[in-house]
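Structure in structure tokens, see below.
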Amino acid sequence: GWTDALRKAFPKQTLYTFWDYRRNRWPRDAGLRLDHILLSKKLARNLKAAGIDRDVRGQDDASDHAPVWVEVES
């Protein structure tokens, strides 16, 4: 009974949250989807927005993961 918040917000898009530093994965946009936010049925009904902050991954000395976030109505 869990809902993937990012998949609900972007049902048809290819989503990546991780780009390894080897083999030029970031410049080639050859990532993986490793990070998820799972919502209960109640929270899924109240989902307002979700996203992946890809621009953070492109900064100097950044982590190989991009932050993921959700916004739910209370």
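Residues in the stretch 6-42 that are more than 16 Å from the chain's Cα centre (by Cα) and either buried (at least 17 other Cβ atoms within 10 Å of the Cβ) or among the polar types (S, T, N, Q) (or both): how many?
2
So how many residues does the stretch 43-57 have that are assigned to a loop (DSSP other than H, G, I, E, B) and either surrounded by 15 or more Cβ atoms within 10 Å (Cβ to Cβ) or not acidic (Asp, Glu) (or both)?
Total meeting the criteria: 1.
Values quoted throughout were computed directly from the atomic coordinates according to the rules given, and no laboratory measurement underlies them. The shown structure was predicted, so the numbers you read here are calculated from the model rather than taken from an experiment. All Cβ positions, glycine included, derive from the backbone under ideal geometry; neighbour counts span all protein chains shown.
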